[in-house]
Amino acid sequence: MATDTTTPILPALNSALLPFWRTELDPLDSLRTTPSLPSQSDIVIIGAGYSGVTLAYYLLKNLPPADDSHPHPTITLLEARQICSGATGRNGGHLRPDIYGHIPKYIERFGLEAGVEIADFEWNHIQALKDLLLEEDIDCEFNLTRNMNVYFDEASGAKAKSAMDKLLAQGVKVADDLHFTGAKSAEGISGVKGAKACISYTSGTLWPYKFILGLLSKIAGDKRLNVQTSTPVTSVGTSSEGLHTITTPRGTIQASKVIYATNAYTSGLLPEYAANIVPCRGICCHIALPEGKTAPFLPYSYALGTEKGLPGGSYLISRPDGSIIVGGASHTFKSAREQWYSAVDDTTLIEPTKDYYNDYMQRTFRGWEDSGAYVKQIWTGIMGYSYDSNPHIGEVPNKPGQYICAGFNGHGMPVILLAAKELADMVRTGKSFADTKMPRLFRTSEERIQKAQSGPEGGDILA
Ligand SMILES: Cc1cc2nc3c(=O)[nH]c(=O)nc-3n(C[C@H](O)[C@H](O)[C@H](O)COP(=O)(O)OP(=O)(O)OC[C@H]3O[C@@H](n4cnc5c(N)ncnc54)[C@H](O)[C@@H]3O)c2cc1C
């Protein structure tokens with residue numbers, strides 16, 4: 001048996017930093033379907049965040065029904081910590097399709113069709129998620145809104161407008177949804193002090209933990225599924241017959257197919273991805289109002305630039321109770337590389353940024369000056385930065401029967417649902433990536449792996 005022996009990069013245990021999303025735990029949070037691990041399973045999914053749970057959901061939807069003669073679970077879902085305790089349970093709750101951010105760069109590099117595929121794919125997530133929540137009757141505070149990209153200097157606003165105009169001139173259909181407001185009205189329209197321009201487009205906001213746990217509740221009782229939390233996978237080995245052995249401190253499982261839904265932690269099990277998917281720490285917080293105080297409800301979600309037009313800024317959503325989830329601020333810690341790059345510790349804060357959001361709402365929004373808004377919870381989370389900014393989906397090169405769904409570059413909300421649906425189809429039917437509806441640039445490949453390995457550390461990301 002050929003065994004990959006690597007030091008696993010595992011999620012840190014016992015975080016004292018409680019993300020707001022995990023303040024109302026679901027009874028399935030620490031689910032163990034059976035007291036011990038099954039010794040065999042047809043498919044093992046590693047990681048129970050947005051990717052792992054949606055993969056299990058879509059696989060079960062289309063696999064044959066439970067059959068008493070089947071001696072072991074069809075799918076085993078293994079999670080190092082609790083369900084939705086990784087990036088999905090620690091993120092900004094913002095479903096913001098990229099219909100113009102990176103798209104012009106993709107078009108420039110790979111042609112109009114390849115770029116538009118990504119814009120369309122992300123755009124389609126709004127309706128797909130809305131439909132799924134309705135179909136499964138999941139309450140996760142989903143709201144359909146418009147995201148405001150706000151620019152604080154006219155040069156950044158002009159650059160954004162020209163990117164938008166270029167997309168429209170190229171006939172990119174989803175760009176029709178973009179709406180630009182210039183300096184004269186930007187502050188009044190966005191409610192953001194000092195705004196010099198803004199662009200709005202359709203977006204969604206949600207409580208990600210409730211979405212994932214809601215979806216899991218629909219499949220948790222399925223006899224074909226076995227879920228095991230607090231079960232870190234430390235290695236995956238493959239026999240000459242192609243059978244995989246998944247090793248954990250609680251025992252091993254044999255499976256014919258393995259899916260890595262391990263996002264930032266992927267290179268711990270698949271070291272060939274170390275240069276492609278780099279764990280990077282981000283910060284997020286929940287801002288609340290003191291008892292009895294009110295502030296204007298923000299009807300939009302936001303991506304707010306920086307004052308000097310530097311890359312970075314913040315993403316922000318408002319919750320139905322008027323409180324705020326806001327995160328980002330990478331411009332405040334980018335230069336302190338040891339704080340965020342190649343970092344898997346989400347048990348501590350990013351030092352230079354820990355106080356940044358203290359009076360953020362008062363500084364930023366009209367009408368919030370005397371609100372008393374304060375940071376109620378602040379936490380960090382680990383993103384899987386992708387070298388070329390696109391996720392890696394599909395069969396792992398040179399490893400038949402092993403699949404990957406990872407590298408979402410801090411932007412998985414409008415990508416994972418349909419990627420998991422399509423990948424589940426690949427795993428189930430054996431169809432090729434080219435026969436799915438996924439953007440071609442998402443396909444994991446030897447070429448992409450090599451390109452990152454031979455590039456400078458921390459390079460590309462559409463530099
Ligand atoms: C602070 C922050 C803010 C963000 N904000 C947004 C946002 O507003 N909008 C947006 O689109 N995206 C956002 N993202 C990114 C988004 O959260 C991710 O793209 C998405 O959640 C990835 O989902 P996932 O299931 O692939 O990964 P995860 O949710 O990280 O799940 C991976 C799971 O795998 C488990 N695991 C890893 N290794 C092992 C192993 N060896 N054995 C067993 N289990 C293992 C982990 O414990 C984890 O639960 C943000 C991320 C962070 C960190």
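The values are calculated or read from the model by the stated rules, or taken from the named source; none is laboratory data. These numbers come from a predicted model, not from an experiment. Glycine gets a Cβ as well: all are built from the backbone with ideal geometry, and neighbour counts include every protein chain shown. Heavy atoms of the whole protein, side chains included, go into the accessibility calculation; ligands, DNA and RNA do not. Shrake-Rupley method; radii C 1.70, N 1.55, O 1.52, S 1.80 Å.
Does the stretch 293-314 contain any residue that is open to solvent by 20 Å² or more (accessible area, probe 1.4 Å) and in a helix (DSSP H, G or I)? No; the residues of the stretch 293-314 include none that is open to solvent by 20 Å² or more (accessible area, probe 1.4 Å) and in a helix (DSSP H, G or I).
Select from the stretch 64-83 the residues that are small (G, A, S) and within 16 Å of the ligand (Cβ to nearest atom) and list them in ascending order. Passing the criteria: only A80. Among the residues of the stretch 53-71, at least one is touching a residue at least 12 places away in the same chain (Cβ under 8 Å) and under 30 Å from K376 (Cβ atoms). When restricted to residues that are part of a helix (DSSP H, G or I), open to solvent by 10 Å² or more (accessible area, probe 1.4 Å) and not small (G, A, S), the stretch 427-463 contains 12. Do we have any residue at all in the stretch 328-341 that's closer than 20 Å to C84 by Cβ and within 11 Å of the ligand (Cβ to nearest atom)? For the stretch 328-341, residues closer than 20 Å to C84 by Cβ and within 11 Å of the ligand (Cβ to nearest atom): absent.
Taken over the stretch 330-341, residues that are part of a loop (DSSP other than H, G, I, E, B) and open to solvent by 80 Å² or more (accessible area, probe 1.4 Å) amount to 2. Kindly evaluate L423 against the criterion of being surrounded by 15 or more Cβ atoms within 10 Å (Cβ to Cβ), in contact with a His (Cβ under 7 Å, 6 or more places away or on another chain) and assigned by TED's automatic domain parsing to the domain that holds C84. So L423 fails the test. Residues that are modelled with pLDDT under 95 and either assigned by TED's automatic domain parsing to the domain that holds L10 or of a type in the set (A, V, I, L, M, F, W, C) (or both) within the stretch 350-381 comprise just one, I350.
Among the candidates N91, N124, N149, the residue that is assigned to a strand (DSSP E or B), under 22 Å from the mean Cα position of the chain (by Cα) and within 16 Å of the ligand (Cβ to nearest atom) is uniquely N149. The set of residues in the stretch 347-380 being under 28 Å from A275 (Cβ atoms) and open to solvent by 10 Å² or more (accessible area, probe 1.4 Å) consists of T347, T348, L349, E351, P352.
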